[in-house]
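To start, the structure under review is shown below, and the notes come after it.
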């Protein structure tokens, strides 16, 4: 993701939007760095963990080969962390518990797009 879009996403509190999706021409895997947990005060949530995984993208052609597992391992190791995932992303919701994450009941609905409901997961 270009630094300008990553910076804009961080100013929005790490929230997902369609403009931050990687292009098919991009790299096959791209984790965003895990940053110190800024919390989610603008949505009324305190930080659940000290680090926040903002994004992780893997092209479908690489699903199931272990590359996806290498991304959180490389970025987070075994550290406590939190992330937000779209409630419609069944693949991610199944993936993150294998890495110690569990939904903590926090939900955020984007006021600009009520169909964009995110669940917070933490470990």
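With the simple spin-label model, which puts each label point 7 Å out from Cα in the Cβ direction, the residue 112 to residue 74 separation comes to 3.0 nm. Most tightly packed first, judged by the mean number of other beta-carbon atoms within 10 Å of their residues, the peptides 84-95, 103-114 read 84-95, 103-114.
Here the gap between residue 63 and residue 91, fully extended at 0.36 nm per residue and compared with their Cα-Cα distance, gives a gain of 9.1 nm.
Where a number appears in this text, it was derived from the coordinates with a stated rule and is not lab data. Here the structure is a predicted model, which is why all the values come from computation and not from measurement. Methodologically, a virtual Cβ is constructed for each residue, glycine included, from the backbone with ideal geometry; neighbour enumeration extends over all protein chains shown.
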